[in-house]
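One structure below.
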Amino acid sequence: MTTKPNHNSLKRKLAKVGKLPVEELAGRSQLNIDLMKDEFDVVMRNQIEELTDLLQAKDPASIRTIYEMSSQIISSASFVKADWVSRAAQSLCEVHEIMSAGKWDWEAISVHGKTIQLLASLDQSQAAMSQSLLEGLGAVVAAKRA
């Protein structure tokens with residue numbers, strides 16, 4: 001007994017969207033995502049440079065901007081799957097919030113900025129180093145909480 005292929009109209013419509021095969025559309029979508037990741041990587045690195053400049057200036061008027069820039073880095077880093085950078089920027093936001101309620105400490109903020117720069121330069125094979133750096137930032141946050 002042979003089975004007849006199912007060529008109903010719904011199956012044909014699902015197989016093609018806009019007269020292009022679904023597989024081709026998926027490939028094009030992935031290419032667009034990959035191109036966007038490259039662009040977001042550049043954006044993230046530019047944001048890190050901007051943050052570094054803000055931190056070096058140590059201008060009290062830039063305190064709010066530091067938090068905003070850290071939040072932007074979280075978004076960009078998340079898109080390009082730079083998880084270490086994202087976690088370090090989250091830690092910077094956390095220590096920023098803690099210190100905004102009390103005494104501001106440029107050194108704690110600066111350590112976070114330098115660590116974000118370093119993490120952005122590491123590749124995936126350096127996971128142990130990245131984890132150690134993130135643990136160090138966690139210790140800074142814990143010290144500021146105390």
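Taken together, the values in this text are just the output of simple stated rules run on the coordinates, not laboratory data. Note that this is a predicted model, so its numbers are computed, not measured. Cβ: placed from backbone, ideal geometry, glycine included. Neighbour counts: every protein chain shown.
Taking all Cα pairs closer than 8 Å and separated by 6 or more residues, the relative contact order of the stretch 20-145 comes to 25 percent.
Sequence-ordered 3J(HN,Hα) estimates for the stretch 75-90 from the Karplus curve with 6.51, -1.76 and 1.60 and θ = phi - 60° stand at 5, 5, 5, 5, 5, 8, 6, 8, 4, 5, 5, 4, 5, 5, 5, 5 Hz, glycine and proline given as x.
Based on Cα atoms of the stretch 20-145, Rg over Rh with Rh as the Kirkwood radius reads 1.08. In this label model, Gln30 and Ile63 are separated by 4.9 nm, measuring between points 7 Å along each Cα→Cβ vector.
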